[in-house]
Protein chains: 2
Amino acid sequence: MSDLEIRPAAPEDIPAIVAMLADDSLGAQRESPDDLTPYRMAYDRLAGDPNQHLVVAARGGKVVGTLQLTVVPGLSRRGSTRSIIEGVRVHSAERGSGLGTRLIEWAVDESACQGCQLVQLTSDVTRTDAHRFYERLGFEASHVGFKKPL
Amino acid sequence: MSDLEIRPAAPEDIPAIVAMLADDSLGAQRESPDDLTPYRMAYDRLAGDPNQHLVVAARGGKVVGTLQLTVVPGLSRRGSTRSIIEGVRVHSAERGSGLGTRLIEWAVDESACQGCQLVQLTSDVTRTDAHRFYERLGFEASHVGFKKPL
């Protein structure tokens, strides 16, 4: 396979990102790949925020993965800055290729570069394969993740 | 008891906030209330970021609670903006007074004002009382929270 590049997402990548968000057991019910307007608005908001890092993994010019890394300063843990990983997706044709590992390793390395002392993420309780994946990469399932829709 | 006010944290509130962060079974090992330098640096970083809302609850001029609300735009869930609650603390003299509920209700209301579609937080697996508290407030324990120190 050709070389993999992990780079900031460009506006032209939005359709490919949304297609990956929707090609997922949970995402299928939550996304609207036929209407990109809300995604373009969200992209513009992310692009203007220096603490947001929306990236894609591209191979041979094709977008095959994505994640969003958010840098969050804070007072707790002696003024620690933490990072939060969201929206991790690997194209169905690339699953099992190690790309997920490459993406998370990129996020961990970038978090260190950004001065973070902690990387965190939440994963739906039903995604048990993902839980094993994150534990293999050195993450500890130390917390319960709560959500409340508004 | 006198009226409660929830307001943005001021630099003068830092010692009281750090004292509450440290007065906690987990925080006791992680905080350094005798050296406020890292907290003041983190405060300055928070104060310069419009997506960060560090607040205190004050009663009769005394700081009795705190939390940090972070607004995170994103592409997933049709370009949803979510908020993340961190660093929730209630002064030991106020526990059981309903102040925790007031703080979380403030965060939920503020999240709606900020255009968020989702509020989320993680809680250490050992904080079982906190888990019941969040469930009573309409949060669902739908996720596993992973952390990796750097």
Item to check | Percent of C-alpha pairs per 10 Å bin, the protein assembly as shown, short to long | outcome: 6, 27, 36, 21, 9, 2, 0
Checklist entry - What is the spin-label model distance, in nm, from B:T101 to B:R40 if the labels are put 7 Å beyond Cα along the C-beta direction? => result 3.9 nm
Checklist entry - What lysines could a cross-link reach from A:K147, if we take a straight Cα to Cα line under 23 Å and drop same-chain neighbours fewer than 8 places away? => result B:K147, B:K148
Checklist entry - Taking chain A as a Gaussian network, where each spring joins two C-alpha atoms under 10 Å apart, which residue of A:L99, A:L69, A:L26 fluctuates the most? => result A:L26
Checklist entry - Along Cα→Cβ at 7 Å, what distances in nm separate the B:M41 label point from those on the other copies, shortest first? => result 3.9
Checklist entry - What is the spin-label model distance, in nm, from A:Q117 to B:Q117 if the labels are put 7 Å beyond Cα along the C-beta direction? => result 3.5 nm
Checklist outcome for this item: Compactness summary of segment B:7-128: radius of gyration and Dmax from Cα atoms, Å, are 14.7, 45
Checklist entry - What's the carbon and sulfur percent of the protein assembly as shown's accessible surface, probe 1.4 angstrom, rounded to a whole number? => result 50 percent
Checklist outcome for this item: Across A:62-75, the residue-averaged tally of Cβ atoms belonging to other chains within 10 Å stands at 5
Checklist entry - Counting Lys and Arg as +1 and Asp and Glu as -1, each charge on the Cβ, what is the dipole of chain A about the Cα centre in debye, to the nearest 20? => result 480 debye
Next on the checklist: In segment A:90-127, whose amide N lies under 11 Å from the spot 7 Å out along Cα-to-Cβ of A:A141? List them in ranges.
Outcome noted: A:123-127
Checklist entry - In whole Å, what is the distance between the alpha-carbon centres of segment B:75-112 and segment A:32-103? => result 24 Å
Checklist entry - Could you give the length gained on full extension between A:E5 and A:D124, defined as 0.36 nm per residue of separation minus the Cα-Cα distance, in nm? => result 40.1 nm
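Just how large is the dipole of segment A:25-90 about the Cα centre, in debye to the nearest 20, putting +1 at every Lys and Arg Cβ and -1 at every Asp and Glu Cβ?
The calculation lands at about 380 debye.
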Next on the checklist: What's the minimum Cβ distance from chain A to the axis relating it to B, in whole Å, and which residue gives it?
Outcome noted: A:G145, 2
Item to check | Other protein chain Cβ atoms within 10 Å, averaged over every residue that makes up B:30-39 | outcome: 3
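The values are calculated or read from the model by the stated rules, or taken from the named source; none is laboratory data. In this text, all values refer to a predicted model and were calculated from it rather than measured experimentally. Positions of Cβ are generated from backbone atoms using ideal geometry, with glycine treated the same way; all protein chains shown enter the neighbour counts. Calculation scope for accessible area: heavy atoms of the full protein, side chains included, ligands and nucleic acids excluded. Shrake-Rupley method; radii C 1.70, N 1.55, O 1.52, S 1.80 Å.
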